[in-house]
Amino acid sequence: MRRTMKPTALGREIRLALMEQDITVRELASRINKSEATVCEVISGKNRSAKTRDLILRELNLKFEEDD
């Protein structure tokens, strides 16, 4: 059975940007030289790597401030 995790606030912003820019997760992953799974993990919050997050934000031309 497949588990789906709710995206984080960052994940929602990434998903929205992907839709607006008509880019797939696979294409984004290829552009930043990461796996599709890694990008999905960032969207879901499972991967909190600042380096990967910054690559994604830069590629999608997004600014995101996390609320701590």
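The values are calculated or read from the model by the stated rules, or taken from the named source; none is laboratory data. This structure is a prediction, so every number in the text was calculated from the model and none was measured. Cβ coordinates were reconstructed from backbone atoms using ideal geometry, including for glycine residues, and neighbour counts include every protein chain displayed.
Let me confirm something: among Glu36, Glu20, Glu27, which residue is exposed (fewer than 12 other Cβ atoms within 10 Å of the Cβ), farther than 19 Å from Glu65 by Cα, out of contact with any Cys (no Cβ under 9 Å at 6 or more places or on another chain) and of a type outside the set (Gly, Ala, Ser)?
Glu20
Looking only at residues in segment 50-68 that are surrounded by 10 or more Cβ atoms within 10 Å (Cβ to Cβ) and either in contact with a helix residue (DSSP H, G or I) (Cβ under 7 Å, 6 or more places away or on another chain) or modelled with pLDDT under 95 (or both), the one that is nearest to Ala9 (Cα to Cα) is Phe64. Among the residues of segment 33-68, those that are within 18 Å of Met19 (Cα to Cα) and assigned to a loop (DSSP other than H, G, I, E, B) comprise Asn61, Leu62, Lys63, Phe64.
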